[in-house]
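Student: Take this structure first; my questions come after.
The values are calculated or read from the model by the stated rules, or taken from the named source; none is laboratory data. Everything numeric in this text was worked out from a predicted model, so none of it was measured. Note that we place each Cβ from the backbone using ideal geometry, even for glycine, and neighbour counts take in every protein chain shown.
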Amino acid sequence: MADRVLLAEDRENLRDVLLRALRREFDAEAVGDGAEAIERLAEGGWSVVVSDVRMPGALGTEVLTAARAGDRPPEVVLMTAHADVPSAVAALKAGAYDYLAKPFEPDELLRVVRRAAERHRLVLRARDLEDALGASESGFVGTSGAAQQVRRLVERLGPMPVPVLITGETGAGKEVVARELHRLRGRGEFIAVNCAAIPETQLESELFGVARGAFGAGAPERPGLLDLAEGGTLFLDEIGDLAPSLQVKLNRVLEEGEFRRVGDARARQVDTRLLSATHHDLEALIAAGKFRQDLYYRLRLATIQVPPLRDRRDDIPLLAARFLHLSMARYGTAARRLSPDAIGLLEAAPWPGNVREFRHVIEEAAVLCDGETIDASQLPRALSDTPTVAPAGTWRSAQERTIDLAARDYFPALMRRLGGNVTRAAIEAGMERETLHRLLRRYNVDAGRFRT
């Protein structure tokens with residue numbers, strides 16, 4: 001469905017020209033004065049309002065105030081004569097998206113309205129995502145089909161004491177799924193151990209504990225992780241790296257429901273749920289003689305495959321909202337949202353490190369961001385070097401994002417090279433001086449700081 005655009009312009013000839021241009025891409029309607037525009041705004045459902053500053057009935061600034069007062073306010077683009085540019089700049093501070101200085105070409109209006117409509121969609125999407133984030137108790141967030149499939153399995157298996165094998169690439173969120181399974185059961189402690197990070201001899205005593213005197217007379221008894229997780233959950237991460245001798249012992253735990261501490265012949269009952277995870281192909285390890293087939297079947301009474309981030313790109317804005325929220329709580333950062341071009345860049349990135357890498361990028365950007373919005377220029381440059389899929393949106397919106405990214409590099413470099421001389425820069429850039437001034441304001445480039 002096309003975005004709805006309301007055009008308010010009192011000059012009939014110009015209104016007709018602009019309306020025809022807008023209707024090439026949008027569901028556009030036009031009115032001839034400010035009072036009628038304010039009346040039409042009450043209908044709701046508008047994505048963008050394009051309004052002249054000086055009109056009979058009500059000024060464009062009054063239209064702006066009425067538009068931004070709603071619950072789901074549209075973006076507002078003002079049209080102004082050169083003499084009214086200062087008032088238009090003031091309107092930007094009051095919440096207008098952008099302004100166009102007359103005269104301008106209809107195609108320039110289309111470009112600005114496209115960006116405004118995209119921003120409106122993003123704002124509504126972010127609000128819906130924040131509502132979903134607030135309503136979710138789960139650490140595993142996502143509304144994509146892949147995420148929902150994981151969610152359904154977690155909700156089904158969570159309350160059951162069955163062992164679950166969680167598979168997926170490194171950084172995809174396997175431990176998050178394990179913690180959610182534990183939370184839904186609501187019993188005991190959650191204890192996690194990485195089987196690849198602890199030497200074999202030490203891991204045995206860590207898992208099963210040590211009997212009194214096992215390592216010499218007077219040596220104290222030491223409980224293991226199976227003891228500490230009693231009644232709760234023991235999560236064995238990187239189970240594919242478990243040594244063969246420990247595979248035998250763990251298999252006995254699952255088969256007989258009991259274990260023995262190091263140096264103790266007495267069996268102890270197990271009241272601990274075992275969850276395990278791996279990024280390895282366990283069936284390939286079985287074929288290579290490196291993993292026990294009987295242990296594999298006992299570990300995977302049920303299996304949850306956690307998808308890589310590249311297969312759930314629709315979840316990226318929601319995940320970003322979650323990590324920005326956590327960053328605010330943990331580090332006191334101010335960033336609350338991502339700009340449209342930042343989201344487009346994140347959605348196009350390959351993410352070989354999955355959610356773990358994504359979280360690091362968001363937290364780093366939040367720490368370095370001075371304001372509430374993280375822009376594409378504040379994300380690692382490597383993200384823009386290796387896009388693998390087209391970002392969400394139309395081809396036109398993708399073009400606009402590319403232009404925006406190029407502009408953020410081009411205009412500072414242009415000002416730096418020409419010492420902040422706007423007149424010379426406009427000539428070299430092949431545009432009017434006023435147009436360059438407007439673009440410098442849009443991309444927050446202060447020509448004065450480049451002057452020597």
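Student: If you take the residues of segment 400-428 that are under 20 Å from ARG115 (Cβ atoms) and of a type in the set (A, V, I, L, M, F, W, C), which of them is modelled with the lowest pLDDT?
Tutor: Ranking the candidates gives LEU405 first.
Student: Right, another one. Somewhere in segment 271-280, is a residue within 22 Å of GLY171 (Cβ to Cβ), of a type in the set (A, V, I, L, M, F, W, C), in the same structural domain as MET160 (by TED's automatic domain parsing) and surrounded by 17 or more Cβ atoms within 10 Å (Cβ to Cβ)?
Tutor: Checked against the condition, which is being within 22 Å of GLY171 (Cβ to Cβ), of a type in the set (A, V, I, L, M, F, W, C), in the same structural domain as MET160 (by TED's automatic domain parsing) and surrounded by 17 or more Cβ atoms within 10 Å (Cβ to Cβ), segment 271-280 yields at least one hit.
Student: Assuming GLU230 fulfils every condition listed in (1) over 26 Å from PHE323 (Cα atoms); (2) modelled with pLDDT of 95 or more; (3) not small (Gly, Ala, Ser) apart from one, which condition is it?
Tutor: Unmet condition: (2).
Student: Is one or more of the residues making up segment 279-287 of a type in the set (Val, Ile, Thr) and either modelled with pLDDT of 90 or more or touching a Leu at 6+ places or on another chain (Cβ under 6 Å) (or both)?
Tutor: For segment 279-287, residues of a type in the set (Val, Ile, Thr) and either modelled with pLDDT of 90 or more or touching a Leu at 6+ places or on another chain (Cβ under 6 Å) (or both): present.
Student: Just to confirm my filter: which helices (runs of 4 or more DSSP H) fall fully inside segment 281-392 and include at least 1 residues that are over 22 Å from ARG119 (Cβ atoms)?
Tutor: Correct list: 282-287, 293-299, 316-331, 354-368, 382-385.
Student: Also: Does segment 51-59 contain at least one residue that is within 29 Å of LEU345 (Cβ to Cβ) and either at pLDDT below 90 or outside any helix (DSSP H, G or I) (or both)?
Tutor: No - not one qualifying residue is present in segment 51-59.
Student: Next question, about the same structure. I'm trying to understand the selection: among the residues of segment 194-207, which are buried (at least 19 other Cβ atoms within 10 Å of the Cβ) and either aliphatic (A, V, I, L, M) or in contact with a Ser or Thr (Cβ under 7 Å, 6 or more places away or on another chain) (or both)?
Tutor: Across segment 194-207, the qualifying residues are LEU203, LEU207.
Student: Please specify each residue of segment 32-70 satisfying the condition of being crowded, with 22+ Cβ neighbours inside 10 Å and among the polar types (S, T, N, Q).
Tutor: Passing the criteria: SER47, SER51.
Student: Residues to consider are ASP84, ASP107; find the one that is closer than 22 Å to TYR443 by Cα, at pLDDT below 90, buried (at least 19 other Cβ atoms within 10 Å of the Cβ) and among the acidic types (Asp, Glu).
Tutor: Result: ASP84 is the single residue among ASP84, ASP107 that is closer than 22 Å to TYR443 by Cα, at pLDDT below 90, buried (at least 19 other Cβ atoms within 10 Å of the Cβ) and among the acidic types (Asp, Glu).
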